[in-house]
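Comments concern the structure below.
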Amino acid sequence: MTPNGSTATGGTGLFGEASLPLSIALVIPVGVLLVLLGLLLFPVNQGLIPFSPDGQLGLLLVIMAIQMLALGETPVGQYRRSWLLIGIGIVFAALGIFSCIVPGILTDVIRVLLAFLNIAGGAILLGKRFLPMLQGTGSAAELAHLPPIYKRLLGTLTVLNVVAIAFGISMLLPGLVPGMVIAGIVVINGLLLLSLASILVKIG
């Protein structure tokens, strides 16, 4: 037994218990998914392998729903896990699962939904981070005195929000943005999420 009364788990090395918070554990598969998806989009755009947009959109929506249900994490910020949020998460999960199983029916609906959430989420989070500075309530000197790891975290989050907006625009206007550019955006998004997870582990 541990001092707080919980049961200690044995094992060392690969068999030891991983001290990885659930929030970070959920970020890692999303990052891996986006990197893999982006890399696969390169041969897809060249016509070398087939591609299922319904499966892609459905999987992204299901992962988003899991984050809502488990953590209250949404594209526009983290909120208390209210019954309303849980209900929205269940609806998102149902839409994503349906899209994966039955292609061609909800494709445009989910694409517009994900595009809106990425654009709105990126813009809102950027506004919350930098609007106080523009209004004079925040200080650039305070940012200058932040520890390097926190500066890196702030920079990663900022770039991640900008990439999320670009990803949303590319989904909203699929014919306007070249496929190779979309693939690059997706890969960068995934790498940024993996970098974010690494920073959060170091801070924690």
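Readers should treat all values here as calculations from the given coordinates under stated rules, not as data from a laboratory. Computed from a predicted model, the values in this text were never measured in an experiment. Here the Cβ positions follow ideal geometry from the backbone for every residue, glycine too, while neighbour counts run over all protein chains shown.
Each of V91 and I28 was given a label point 7 Å from its Cα along the Cα-to-Cβ line. The distance between the two points is 3.3 nm.
The peptide list 185-193, 169-177, 94-102, put in order of mean Cβ contacts within 10 Å with the highest first, becomes 185-193, 94-102, 169-177. Once you order the gyration tensor axes a ≥ b ≥ c over the Cα atoms, which shape class does the stretch 155-204 get: rounded for a/c under 1.5, otherwise prolate or oblate by comparing a/b with b/c? Prolate, because a/c is 1.5 or more and a/b exceeds b/c.
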